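Okay, so here's the structure we're looking at.
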Amino acid sequence: MQTMDRRMFIKGGLGAAAGTALLGMAGCAPSATASGKLADTASDELPADLKESDFDFSIVEREPITEFAAEETYDIVVVGAGCAGVPAVLTAVEEGAKVACLQKEAAVSANGNGCSFVAKEHSTPAGIKRWRSDWARLNDWRINNDLFDYYVEYAEEAVPWVISQGRSVGIEPIEFLTDSSIRYDDGSVVAVCDATQASNQDLMTALAQKAADGGATFYYETPCVQLVQEEDGTITGAIGKQKDGTYVKLTATKGVVLAAGDYMNNESMVDRNMRDASMFPLCLVNHTGDGHILGILAGGRMAPLGHARQIHTNYIGPFMFYPFLALDVNGKRFCNETIPMSSLNISMSATYKPEDRGIHYRIFDSKTEGAVEGIPGVPPVALVGEGSAWMDPETVVSGNTLEELCEAAGIPVQEGVASIERYNELCAKGTDDDFGVAGSDMAAIDTPPFFCIKGDVGISGINAGIMVDDRYRVTDGEGNPIPGLYAAGIQAGNPCGGINWNMPGGFSNAHIFTAGRYTVIHALTGDMTPSNPASFDSIADSFIGEDGGYAWDSPACATAISVW
C-alpha cells in the first residue's frame, strides 16, 4: 500500500484567469445598448464591498460600453481559463453547448498539481460527517457546510473526469494515494483519494486545446471588462476588450461563469481584507480581483472576513511534517514548531517586519534513527543532498559546526548558535520551557554535519470570493441567486471560512475543478447530472497500493486528520 506521507507544493488552486465586469449596481438606472442592457457602472456610489482604489489595480472599466467590433451569441460564456474555467469550457463542449471563454492572459494560466475526492461507496455517512466536523473545528467552525458537501457529492465524479480527460490527451497523474483516509474509533470511515499531476498548467493547457478542437472559442488577451445585465438583474453576457482596444460582446443564453482567480495582486483589496498577511510575498502575479469586482457590481456580495489564505513554503514533501527548530532572521527561536505550515504566518506576523518577507530557518542534524519520535518515514537527513527529490540544493546548506552552519545559511552567528544551544538544553531536559513543544517532538541538534533549510513563507492563494449558494450561483445581499451568473474556483464563496486554508489536502483544486464543471451542467440543464459521467470505478485501479488494497482497508489506516 502507498502510505508515505507527502504533499507536493501547490501554488494556490486556480489559474490567473480573465475577468472583470462592471455591472448592475443596485439602484442604478440601466442604459440601453444595441442588444441587452448595461448597468450604469459609472455611478459615483459604489456597493459597500468596493472602494474606488480597488479599480486602480483592476482592468474593470466603469463607463458603459456601447460600441462593439463584434457581437456573438453562445450558450455559455466563461470568464477565465484556469483550473475552473477550462473544465467549465470542456464540459460545455461535452454537453453539446456553444461556449466561449474570455481570458486575460495570452494563454491558459493554472496553478497547483494535487486534487482529492471522497469515494463515497467505501465511506460511511457518519465518517464523512465526522470528517467534515473535524475540518470545521480546525477552522473555528466557520466552514461552509453546503460547499463542503458539494465537494463530497460531486468531486467523486469531477476529479475522475478531469483525470480521464487528461489521459485522453496523453497526460497521466504522477501519483495516486489513499493515505489521507481515516478509520475512526467508532468504525466509521472516510475513504479519501489523492491524485497529483506533474503540473496543472500543462494539464489545463492540453484540455483547453481539446475543448478548442471540439468547437470552443477562446479569446486570449481579451479580458472581460463588463458584463451585460438586464433590468430584472439577469446576466445575459460579457464584454471583452481586445488587444487593439476594441470590444467584443458575447451574449450568453444559458449563463456566465466567473472563474477569474483571486485578488492577491490588488493591493487595495488586500489592505482592506488581509492586512495582517500583507508582509508575506505573493506567489502569483496579475490576480487583481477582477471577477470579485465583476460579481459585486452585478449585485453580489464579498464573503465576510476572514478570508482564508493559502500559505506555502519552499520546503515541501515530508519536510512539512517535521517540527524542526525554527529561527527568525535574527537567529532567534520564534514559535512552537509543531504549527502546521498553513498557519506558520500567524506566528511570524507577530514578530516579523514586512521587510523580512517571510524568511526563516529550519535546523536539523544528521541523525539516522529516531530523529523525531512518532514521525514515520526516512530520516530527514536522507532527503537532502545531491539528487534529492524533495529539496532544492540551493535551499539547504550544511556545516560541520554550528558556527559553520549559521555562516552558510546567513543566520547571525552568535545569536543562531545561542538559540540552538538553548534548544539542545531543553531537549536534554525533556520539556520545552520556552514554547511548549512536547518533549517527544523535540530532537537535539548534536550530530554533524548540521543542516539548515533556508525557508520562506508566501501566499499562494486567497480562497475567498463572492458569495454563492449551494449551486455556486452568485447571490445578492439577501441570499437570492442572480439569474444567469455563476462563480467557480478560488473566487467563489469561502468554503474554508478560517483565517488560513485548513482544508483536506487536494480540496482546493478539487472544489475548483468540480465547481467549474458542475456550474455549466446546472446552467445548461437545471440539474446536476452530466451526459457522460465519470466515476471512481473508472480509475479505481490506479489507487490500489503495493499491497493490493486501499489505505482505508488497512489496520494501519489513520485515525485522525493530518494538517500540513
Quantify how much of the Cα-Cα distance distribution of the chain extends past 48 Å, in percent.
14
Rg/Rh for the stretch 179-220, where both radii come from Cα atoms and Rh is the Kirkwood radius
1.36
Give the separation of the Cα centroids, the stretch 105-165 to the stretch 291-368, in Å.
23
Can you tell me the 0 to 90 degree angle between the C-alpha axis of helix 507-525 and the longest principal axis of the chain, rounded to 10?
20
Step through the residues of the stretch 68-85 one at a time and calculate ³J(HN,Hα) from phi using the Karplus curve (6.51 cos²θ - 1.76 cosθ + 1.60, θ = phi - 60°), rounding each to whole Hz and writing x for Gly and Pro.
10, 6, 7, 10, 9, 10, 9, 6, 10, 10, 10, 9, x, 10, x, 6, 9, x
Step through the residues of the stretch 221-234 one at a time and calculate ³J(HN,Hα) from phi using the Karplus curve (6.51 cos²θ - 1.76 cosθ + 1.60, θ = phi - 60°), rounding each to whole Hz and writing x for Gly and Pro.
6, 9, x, 7, 10, 7, 10, 9, 9, 7, 4, 7, x, 5
Counting C-alpha atoms alone, how compact is the stretch 70-193: give Rg to one decimal and Dmax as a whole number, in angstrom.
17.8, 62
The FRET efficiency for Ser164 and Asp469, from their Cβ-Cβ distance with R0 = 45 Å and rounded to 0.05, is 0.95
Computed log₁₀ I(q)/I(0) - Debye formula, equal Cα scatterers, no solvent, the stretch 448-508, q 0.23 Å⁻¹:
-0.96
Suppose we keep just the DSSP beta bridges with both residues in the chain; what percent of those would be antiparallel, to 5?
65
Taking only the Cα positions of the stretch 327-461, the convex hull volume per residue in Å³ is 121
Using r as the Cβ-Cβ distance of Glu355 and Asp185, and R0 as 35 Å, what FRET efficiency do you calculate, to the nearest 0.05?
0.15
Provide the per-residue ³J(HN,Hα) series for the stretch 465-481, in order, calculated from phi with Karplus coefficients 6.51, -1.76, 1.60 and θ = phi - 60°, each as a whole number of Hz, with x at glycine and proline positions.
x, 8, 5, 9, 8, 6, 10, 6, 7, 5, 10, 8, x, 9, x, 8, x
Principal axis dimensions, largest first and in whole angstrom, of the stretch 88-142 by Cα
43, 27, 21
Solvent-accessible ranking of Ser535, Ser366, largest area first, probe 1.4 Å:
Ser535, Ser366
For Lys353, tell me the accessible area in Å² from a 1.4 Å probe, rounded to the nearest 10.
120
Taking a quarter of the surface of the Cα convex hull of the stretch 173-263, what do you get in nm²?
11.2
Normalised per residue, the volume inside the convex hull of the alpha-carbon atoms of the stretch 213-286 in Å³ amounts to 159
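Find, among the chymotrypsin sites (Phe, Trp or Tyr not before Pro) in the stretch 89-183, those assigned to loop by DSSP (not H, G, I, E, B) with at most 13 other beta-carbon atoms within 10 angstrom.
Trp141
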Pairs of Cα atoms under 8 Å, at least six residues apart: use those to get the relative contact order of the chain, whole percent.
25
Label-point separation in nm, Ala444 to Thr525, each point 7 Å along Cα→Cβ
6.5
How big is the accessible area of Met204 in square angstrom, nearest 10, if you roll a 1.4 angstrom probe over the protein chains?
0
Please list, or write none, the lysines whose alpha carbon is within less than 25 Å of the alpha carbon of Lys51, excluding same-chain residues fewer than 8 places away.
Lys37, Lys104, Lys241
Using a 1.4 angstrom probe on the protein heavy atoms only, could you order Asp356, Asp456 from most to least accessible area?
Asp456, Asp356
Hey, can you grab everything whose amide H is under 5 Å from the amide H of Ile482? Only 5+ residues off in sequence or another chain; H modelled, so Pro and N-termini drop out.
Val474, Thr475, Asp476
Compute, for Glu404, the solvent-accessible surface of its heavy atoms (probe 1.4 Å) with the complete set of protein chains present, and express it in square angstrom to the nearest 10.
90
Dipole size in debye (nearest 20) for the stretch 299-441 around its Cα centre, Lys and Arg Cβ +1, Asp and Glu Cβ -1?
740
Counting only C-alpha contacts under 8 Å and six or more residues apart, can you give the relative contact order of the stretch 386-433 as a whole percent?
19
Which value, in Å to one decimal place, does the Kirkwood hydrodynamic radius take for the stretch 437-551 when every pair of different Cα atoms is included?
18.5
Three principal axis extents, largest first, for the C-alpha atoms of the stretch 229-331, in Å?
60, 32, 26
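The values are calculated or read from the model by the stated rules, or taken from the named source; none is laboratory data. A quick note: this is a predicted structure, and the numbers were derived from the prediction, not measured. All Cβ positions, even for glycine, are placed from backbone atoms using ideal geometry, and neighbour counts span all protein chains on display. The area values use the complete protein model at the heavy-atom level, side chains included, leaving out ligands, DNA and RNA. Shrake-Rupley method; radii C 1.70, N 1.55, O 1.52, S 1.80 Å.
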